[in-house]
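Here is the structure we will look at, set down as structure tokens.
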Amino acid sequence: MMVIEFGEDIIVIDCGVQFPTEGMFGIDLVIPNISYLEANSDRIRGILITHGHEDHIGGLPFVLPFLQTPVYSPLFANALIRAKLVEHPDCINAELYPITPGIPYDFGSSFQVTWFQVTHSIPDAMGLIIETPIGTVIHTGDFKLDHTPVDRKAMDLNKLALHGSNGVLLLCSDSTYAEVEGFTPSEYLLKDSIDNYFGNASGRIFVATFASLISRIQQIIDVSRDHNRKICFVGRSMVDNVSMARKMGYLNILENAVVTLNEARSLSPKQIVYVTTGSQGEPTSALSRIANQDHRELAIQANDTVILSASPIPGNELLFNRNIDNLLRQGAKVVYDKNALVHVHGHASREELKIVLGLTKPDYFIPVHGEYRHLRAHAGIAWDVGVGDKGIYVLEDGDILEISELESAVVGSVPADPTFIDGDMVHSVGSVVLSDRRILASYGTVMIVVTIDQIQRQLIGDPKVIQSGFIGIDEGKWIFPTLVTHLRDSISIEDDFWDDLDVMKLKLKEIVGAYLFSKTRRRPIIVPIINPSEEFHNSV
């Protein structure tokens, strides 16, 4: 999410989501911190979407209930957003407007924005040309320079060159593959490689790819037709996206070329191709369930060929590789990016980035998208080609860059720590819930159950210890009996907590925690449970 403001007007570019990393236990999604926008909601003129990938639209269902601002997006992204918001009643009144590229849209008195065509791994990917009172800002969105795109919609370089000749104040450009030398290969090059693997396959074929990568799905459809194979789409998002793309004219596929799972069973192995979700090893995806042998309707057979037409997103390598191993164990031939040309990226490599920098010749340059090292690499490219002579800024999340007609500077920051979505709950980065989950994952939990006589100010019987994930059974045989003895010795009639159970719980946590750490050098979650004498007598 990027925020641009001038005077009393604010526009927001994209509203994405991040998937949880390994240490975010139980977290479903990570969304932007919008506290700054909430405080300035009356100034927001619109959320402007560049394309329909989850890292650009996935945060909308969680943000729109708080901002209630219109969303402007390319046609395919608009359809994806509408389908997404149906599942969120809080967004039922959201204002969603599809845009037409090349047509200027006014946002307040400060911004006039025109979307322009770029090439990426999803239909209708766009960049933004933003006219402001002090100059032109260009935001490329995600892009690559593909001169032979499958949908024949090449990036509008003429528009970039035109604005470059007239002067560009600021360029914000995609940095995701700024470390990769040369040019990113064209999507069209994959067809021959995929055709070769189809020709050599002696059994069923499974192809896993992104459900939004419509151009890749079109090539799979074309190659399947050439080899007289029917297609079965598997996985909810794959089925939904293909259906949407067909209705909107983004996919060209004959009606009789598609079969259901039931119909596929009656075909010979050489007559069927399954196009599935799960190219990233997502645990609940179709391919992962097939690889784990728990899919209700599909199982790997000898001589099956599985093509993983994707490369792992950073952080997904473990899940991605686990699927490959599981598929190989079941006798499948697995083709993936390390042993075949079955995937090309959707982002510009270094030489393409140089072309865009050279065409636009911005006064200021901000590399966007990707990790910090990618931003630094892109900044280095800009320096090498001699653009951004008034300033090249590598910004961290939350940084405020102020540009005037005379100067520029980073003048402060706004809150930008992650916001975590946990089912229907929202947690901040410092949430005690997440902290406790990390401790549970590392050290486990120990529950202490004590029954007390508050009148006599003494324990009734021995405390009971219940643990999970803390130590093994053999270790527990000697630690827990000594813990019980220590606990009894540490509590006396003179203690001042007998009439306040909350204070007593804190004391029990302190005693038990200190004792277990002295014996194990570990700090589990301590859960004290106190049964007062009246409850004890009633239960008896």
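The values are calculated or read from the model by the stated rules, or taken from the named source; none is laboratory data. For clarity, every value in this text was computed on a predicted model and none was experimentally measured. As a convention, Cβ positions derive from the backbone with ideal geometry for all residues, glycine included, and neighbour counts pool all protein chains shown.
If the Cβ limit is 7 Å and pairs must be 6+ apart or interchain, which residue in the stretch 443-471 that is free of Cβ contacts under 8 Å to residues at least 24 places away in the same chain and in the same structural domain as His486 (by TED's automatic domain parsing) pairs with which residue that is part of a strand (DSSP E or B) and not aliphatic (A, V, I, L, M)?
Within 7 Å, the pairs are Gly461/Thr451.
Please count how many residues of the stretch 280-320 are aromatic (Phe, Trp, Tyr) and in a loop (DSSP other than H, G, I, E, B). Can you show your working first?
First, pick out the residues of the stretch 280-320 that are aromatic (Phe, Trp, Tyr): 320.
Keeping just the survivors that are in a loop (DSSP other than H, G, I, E, B) gives none.
So the count comes out to 0.
Yes/no per residue for (1) modelled with pLDDT of 95 or more; (2) polar (S, T, N, Q); (3) over 17 Å from Tyr250 (Cβ atoms); (4) surrounded by fewer than 20 Cβ atoms within 10 Å (Cβ to Cβ):
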position: Val118; (1), (2), (3), (4): yes, no, no, no
position: Ile130; (1), (2), (3), (4): yes, no, yes, no
position: Phe143; (1), (2), (3), (4): yes, no, yes, no
position: Arg152; (1), (2), (3), (4): no, no, no, yes
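What is the one condition in (1) touching a residue at least 24 places away in the same chain (Cβ under 8 Å); (2) of a type outside the set (Lys, Arg); (3) within 25 Å of Ile81 (Cα to Cα) that Ile290 does not satisfy?
Of the numbered conditions (1) touching a residue at least 24 places away in the same chain (Cβ under 8 Å); (2) of a type outside the set (Lys, Arg); (3) within 25 Å of Ile81 (Cα to Cα), the odd one out for Ile290 is (3).
Do you know which residues across the stretch 125-135 are of a type in the set (Val, Ile, Thr) and part of a loop (DSSP other than H, G, I, E, B)?
The first filter runs over the stretch 125-135 and keeps only residues of a type in the set (Val, Ile, Thr), leaving 129-130, 132, 134.
The answer is Ile134, and nothing else.
May I ask you to verify whether Asp304 is under 21 Å from Tyr197 (Cβ atoms), buried (at least 16 other Cβ atoms within 10 Å of the Cβ) and either modelled with pLDDT under 95 or not aliphatic (A, V, I, L, M) (or both)?
Values: under 21 Å from Tyr197 (Cβ atoms): yes; buried (at least 16 other Cβ atoms within 10 Å of the Cβ): yes; either modelled with pLDDT under 95 or not aliphatic (A, V, I, L, M) (or both): yes.
Yes: the conditions hold for Asp304.
When you look at Ser288, is it modelled with pLDDT under 95, more than 21 Å from Asp55 (Cα to Cα) and surrounded by 16 or more Cβ atoms within 10 Å (Cβ to Cβ), yes or no? Spell out the reasoning first.
Working: modelled with pLDDT under 95: yes; more than 21 Å from Asp55 (Cα to Cα): yes; surrounded by 16 or more Cβ atoms within 10 Å (Cβ to Cβ): yes.
Answer is yes for this residue.
Just checking, does the stretch 360-369 include any residue being more than 27 Å from Glu396 (Cβ to Cβ) and assigned by TED's automatic domain parsing to the domain that holds Ala161? Full working, then the answer.
Here is the first cut: in the stretch 360-369, the ones more than 27 Å from Glu396 (Cβ to Cβ) are none.
Looking for residues that are more than 27 Å from Glu396 (Cβ to Cβ) and assigned by TED's automatic domain parsing to the domain that holds Ala161, one finds none in the stretch 360-369, hence no.
Looking at the stretch 231-256, which of its residues are buried (at least 17 other Cβ atoms within 10 Å of the Cβ), more than 23 Å from Glu282 (Cβ to Cβ) and either under 26 Å from the mean Cα position of the chain (by Cα) or basic (Lys, Arg) (or both)?
The one that is buried (at least 17 other Cβ atoms within 10 Å of the Cβ), more than 23 Å from Glu282 (Cβ to Cβ) and either under 26 Å from the mean Cα position of the chain (by Cα) or basic (Lys, Arg) (or both): Tyr250.
Hey, can you tell me all the residues within the stretch 267-285 that are modelled with pLDDT of 95 or more and either in the same structural domain as Phe19 (by TED's automatic domain parsing) or surrounded by fewer than 19 Cβ atoms within 10 Å (Cβ to Cβ) (or both)?
Leu267, Ser268, Pro269, Lys270, Gln271
Between residues in the stretch 361-383 that are under 22 Å from Ala409 (Cβ atoms) and residues that are basic (Lys, Arg), which pairs lie under 7 Å by C-beta distance while being six or more apart or on different chains?
Correct list of pairs: Asp363/Lys390; Tyr364/Lys390.
State whether one or more residues within the stretch 462-484 are surrounded by 13 or more Cβ atoms within 10 Å (Cβ to Cβ) and at positive phi.
Yes, there is a match, as at least one residue in the stretch 462-484 is surrounded by 13 or more Cβ atoms within 10 Å (Cβ to Cβ) and at positive phi.
Given the condition under 31 Å from the mean Cα position of the chain (by Cα), farther than 30 Å from Gln271 by Cα and surrounded by fewer than 23 Cβ atoms within 10 Å (Cβ to Cβ), answer yes or no: does some residue in the stretch 206-218 qualify?
Among the residues of the stretch 206-218, not one is under 31 Å from the mean Cα position of the chain (by Cα), farther than 30 Å from Gln271 by Cα and surrounded by fewer than 23 Cβ atoms within 10 Å (Cβ to Cβ), which makes the answer no.
Which residue is farthest from Arg216 (Cα to Cα), if the candidates are limited to the stretch 89-124 and must be among the acidic types (Asp, Glu) and either over 27 Å from the mean Cα position of the chain (by Cα) or assigned to a loop (DSSP other than H, G, I, E, B) (or both)?
Taking the stretch 89-124 first, the residues among the acidic types (Asp, Glu) are 90, 95, 106, 124.
Okay, now just the ones that are also either over 27 Å from the mean Cα position of the chain (by Cα) or assigned to a loop (DSSP other than H, G, I, E, B) (or both), so 95, 106, 124.
Values: Glu95: 31, Asp106: 35, Asp124: 15 Å.
Here the residue is Asp106.
What's the number of the only condition in (1) over 21 Å from Val306 (Cα atoms); (2) free of Cβ contacts under 8 Å to residues at least 12 places away in the same chain that Val168 fails to meet?
(2)
Could you tell me whether any residue of the stretch 161-172 is within 30 Å of the chain's Cα centre (by Cα) and among the β-branched types (Val, Ile, Thr)?
Checked the stretch 161-172: no residue is within 30 Å of the chain's Cα centre (by Cα) and among the β-branched types (Val, Ile, Thr).
Among the listed residues Ile493, Ile460, identify the single one that is among the aliphatic types (A, V, I, L, M), more than 41 Å from the chain's Cα centre (by Cα), farther than 25 Å from Ile439 by Cα and at pLDDT below 85. Walk me through it before giving the result.
Details: Ile460 fails: at pLDDT below 85.
Selected residue: Ile493, the only one of Ile493, Ile460 that is among the aliphatic types (A, V, I, L, M), more than 41 Å from the chain's Cα centre (by Cα), farther than 25 Å from Ile439 by Cα and at pLDDT below 85.
Among the residues of the stretch 496-507, is there at least one that is closer than 22 Å to Ala441 by Cα and either among the charged types (D, E, K, R) or modelled with pLDDT of 90 or more (or both)? Let's see the steps before the verdict.
Step one: list which residues in the stretch 496-507 are closer than 22 Å to Ala441 by Cα, which gives none.
Checked against the condition, which is being closer than 22 Å to Ala441 by Cα and either among the charged types (D, E, K, R) or modelled with pLDDT of 90 or more (or both), the stretch 496-507 yields no hits at all.
Would you check if there is a residue in the stretch 324-332 being over 20 Å from the mean Cα position of the chain (by Cα), loosely packed, with under 15 Cβ neighbours inside 10 Å and among the acidic types (Asp, Glu)? Talk me through it step by step, then tell me what you get.
Residues of the stretch 324-332 over 20 Å from the mean Cα position of the chain (by Cα): 324-332.
Narrowing the set further to residues that are loosely packed, with under 15 Cβ neighbours inside 10 Å leaves 325, 328-329, 331.
Now narrow it down to the ones that are among the acidic types (Asp, Glu): 325.
Checking the stretch 324-332: at least one residue is over 20 Å from the mean Cα position of the chain (by Cα), loosely packed, with under 15 Cβ neighbours inside 10 Å and among the acidic types (Asp, Glu).
If I filter the stretch 21-40 down to residues being modelled with pLDDT of 90 or more, hydrophobic (A, V, I, L, M, F, W, C) and surrounded by 15 or more Cβ atoms within 10 Å (Cβ to Cβ), which single residue comes out as farthest from the chain's Cα centre (by Cα)?
Among those residues, the one meeting the criterion is Leu37.
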